[in-house]
Amino acid sequence: MIRLKTLFFGATMALLSACASTNVDPIEVGARPDKTTDEAGLWQQMDEYEKDLRASALLERDPALNAYVRSVVCDIAGEEYCNDMRIYVVKRPYFNATMAPNGLMEVWTGLLLRAENEAQVAFVLGHEFTHYKNRHSLKNWRAQRNASNAGLLLTIGAAAAGAGAASDLGGLVALSALYGYGRDLEREADEEGFDYVTAAGYEGREAAALWQSLMDEIATSDSRRKKRRVARASIFSSHPLTKERIATLQDKANQMPGGVTNEARYVEMTGRFLDEWLDADLVRRDYGENLFLVNKLIARGDRLGTLYFRRAEAYRQRRGEGDDVKAIEDYTKAATYEDAPAKTWRYIGDSYRRKGNVDGALSAYQTYLEKAPNSPDRAVVQLFIDQNS
Amino acid sequence: MTFSTFCRRAGVALLGALFLTSCASVTALEPGPYTYDKAMTIQVGETWTKYPRVNRTKSQGLTIDGSALNTLSLTAKLKAGAPLIYTLDREKILPVFGSDMLLGEVAEFTLDSLSFIGMQNTTLTELTPDQFGDVEAVRFTFTGDVASGLSYQGMAKAAIHDEQLYLILYYAPAEYYYGLHEQEVQTIMDSATIL
Ligand SMILES: [Zn+2]
């Protein structure tokens, strides 16, 4: 949560300087803004935010994953800038990454789930790095303030209230003033980000491929409103995800020699999180999109026990017409792979039990308890076994 | 890049978490028997604060020290296809109850609902057979974190009767507050019957 005092500090700073220039030079390595500047106010807000983030339950603390993501950022940004950045993997099931002026970068697990390879993630991180290096938050802040000082104060007041009510780091409302970069800065971030990534040797075509895949996913959404917004090509008000944007990246890529995608390494580094990330994605209850993601991963052919289990979970929880049949088919399929979670057998057992097939249920439950002897629901499963064998 | 339209906080509230409105008055629930919604009875040993019912849910929120510090919610007669929680954001699709759920799935449905309103890392810690009056039930415990990093602990008792869900759900910060009223909540759950 952004603290009130820092927000008001920011607002005061905004009023102090009348009409500051939006022409700012790229940030220098190791730079920290002078305390008397509006930029220092922005940094202080984000320093406060970062303090809360460090304690947050939303942080993915896995050292190997964090080191991996950091290494990708350092590859494209260079060691010097990298030293000025703190990179956090944040457990949020949405496709996103953010970059704050003070060097705080958030990489959301929803992005890592959706990217197909390292080159795609690198492109997003390069895009974010451009926002940072070119001090887009400061530009944006000044542009907004120049437009209307009074209006800004109102925004801040409202944002503070919003952050308080949300009472967690989802005080994203408060940050929208910092992050709503607008079309021109987004284009700049896309294009420069692309250059960083290809200079680091990555395949440029993956940038357009990532956006395209995101468009395809949204087309499968259960949310009619979301689909309509995409139809108007403006789903992300601050992030017009247009055909034009994709085409621009595609053109740039076609003029470049090919590069690496590092897919194998990406799959290796992220594979063990798929069960957790797809489960977390299901919290959004957008079964259409969840199934799109699972199917895309199934097509890759790796960790099929986990993935058929995840698809079964989507069907089981959706509870639509015929979903129970699809779910049991996928649980059964999952059970033929080494990496199927033990829970697979509990749900197979549940399904038989619902249908009155006691023998089928007994056998599946017994397998379940063999595979997961310390499962928290052991007593309930054992009771059924005792009563029926 | 911030796709804020994607990740805008839903106006979501669950059970206890939603009783923040100050316009409606809260009332005290004194020790003694209490009948909820003509469907469930419990025996209360301490004085609880009853939050105003939100019509769109089948739940009643109770607290002793404030909803952030302990929340007890009573749910009765929740029908198939209905969610435990509600949201102001109509784009959100909520976890819904199914009358063909086994009781283990009811526990998962409860935790899914808590995840939906923002509890992180929800984990079932124990699920055991129980009775809700004469009705077959489960008792379960769980843990979770809120985004700020504070850890929560919870317990619940659930049964399906006449294809409808009956649930008593308690959660509080693991540190100090959960234990503070754990015995009282155990007693309430032990005493619960379905009418
Ligand atoms: Zn951007």
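Using the structure shown, decide if B:Leu114 is assigned to a strand (DSSP E or B) and touching a Leu at 6+ places or on another chain (Cβ under 9 Å).
On the way: assigned to a strand (DSSP E or B): no; touching a Leu at 6+ places or on another chain (Cβ under 9 Å): yes.
For B:Leu114, the condition - assigned to a strand (DSSP E or B) and touching a Leu at 6+ places or on another chain (Cβ under 9 Å) - is not met.
One line per residue, one yes/no per condition, for (1) outside any strand (DSSP E or B); (2) within 15 Å of the chain's Cα centre (by Cα); (3) within 18 Å of B:Met189 (Cα to Cα):
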site	(1), (2), (3)
B:Lys38	yes, no, yes
B:Asp65	yes, no, no
B:Ala68	yes, yes, no
B:Lys77	no, yes, yes
B:Val106	yes, yes, yes
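Listed here are the residues, each with its yes/no results for (1) among the charged types (D, E, K, R); (2) within 9 Å of chain A (Cβ to nearest Cβ); (3) surrounded by fewer than 17 Cβ atoms within 10 Å (Cβ to Cβ).
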| residue | (1), (2), (3) |
| --- | --- |
| B:Leu78 | no, no, no |
| B:Pro83 | no, no, no |
| B:Pro95 | no, yes, no |
| B:Ser99 | no, no, yes |
| B:Gly104 | no, yes, no |
| B:Thr123 | no, yes, yes |
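Collect the residues in the range A:257-272 that are hydrophobic (A, V, I, L, M, F, W, C) and crowded, with 19+ Cβ neighbours inside 10 Å, keeping them in residue-number order.
Residues of the range A:257-272 hydrophobic (A, V, I, L, M, F, W, C): A:260, A:264, A:267, A:269.
Hit for the range A:257-272 is A:Met269, nothing else.
I'm trying to understand the selection: among the residues of the range A:91-113, which are away from the ligand (no atom under 16 Å from the Cβ) and within 13 Å of chain B (Cβ to nearest Cβ)?
Passing the criteria: A:Lys91, A:Arg92, A:Pro93, A:Thr109.
Among the residues in the range A:276-289, are any at pLDDT 95 or above, more than 14 Å from every other protein chain (Cβ to nearest Cβ) and open to solvent by 40 Å² or more (accessible area, probe 1.4 Å)?
Scanning the range A:276-289 turns up no residue that is at pLDDT 95 or above, more than 14 Å from every other protein chain (Cβ to nearest Cβ) and open to solvent by 40 Å² or more (accessible area, probe 1.4 Å).
Given the condition in a loop (DSSP other than H, G, I, E, B), of a type in the set (Ser, Thr, Tyr) and either open to solvent by 70 Å² or more (accessible area, probe 1.4 Å) or without any contact (Cβ under 8 Å) to a residue 40 or more places away in the chain (or both), answer yes or no: does some residue in the range A:335-355 qualify?
Checking the range A:335-355: at least one residue is in a loop (DSSP other than H, G, I, E, B), of a type in the set (Ser, Thr, Tyr) and either open to solvent by 70 Å² or more (accessible area, probe 1.4 Å) or without any contact (Cβ under 8 Å) to a residue 40 or more places away in the chain (or both).
Read through the list (1) touching a Lys or Arg at 6+ places or on another chain (Cβ under 9 Å); (2) open to solvent by less than 10 Å² (accessible area, probe 1.4 Å); (3) over 18 Å from A:Met46 (Cβ atoms), then give the number of the only condition that A:Val124 fails.
The failed condition is (1).
Pairs, please: C-beta under 8 Å, at least 6 apart or cross-chain, first residue not assigned by TED's automatic domain parsing to the domain that holds A:Asn290 and in the range A:317-328, second aromatic (Phe, Trp, Tyr)?
Taking only residues 6 or more apart or on different chains, not a single pair turns up.
Listed here are the residues, each with its yes/no results for (1) touching a Lys or Arg at 6+ places or on another chain (Cβ under 8 Å); (2) under 16 Å from A:Phe95 (Cβ atoms); (3) buried (at least 21 other Cβ atoms within 10 Å of the Cβ); (4) modelled with pLDDT under 90.
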residue: A:Glu191; (1), (2), (3), (4): yes, no, no, no
residue: A:Phe194; (1), (2), (3), (4): yes, no, yes, no
residue: A:Glu206; (1), (2), (3), (4): no, yes, yes, no
residue: A:Ala231; (1), (2), (3), (4): no, no, no, yes
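Residues B:Glu108, B:Glu163: which one is closer than 18 Å to B:Thr75 by Cα and more than 10 Å from chain A (Cβ to nearest Cβ)?
B:Glu163
In this structure, does B:Phe132 turn out to be open to solvent by less than 40 Å² (accessible area, probe 1.4 Å), in contact with a Phe, Trp or Tyr (Cβ under 9 Å, 6 or more places away or on another chain) and under 19 Å from B:Tyr34 (Cβ atoms)?
yes
The values are calculated or read from the model by the stated rules, or taken from the named source; none is laboratory data. In this text the structure is predicted, and so the values were computed from the model without any measurement. Note that we place each Cβ from the backbone using ideal geometry, even for glycine, and neighbour counts take in every protein chain shown. What goes into the accessible areas is simple: the full protein's heavy atoms, side chains included, and nothing from ligands, DNA or RNA. Shrake-Rupley method; radii C 1.70, N 1.55, O 1.52, S 1.80 Å.
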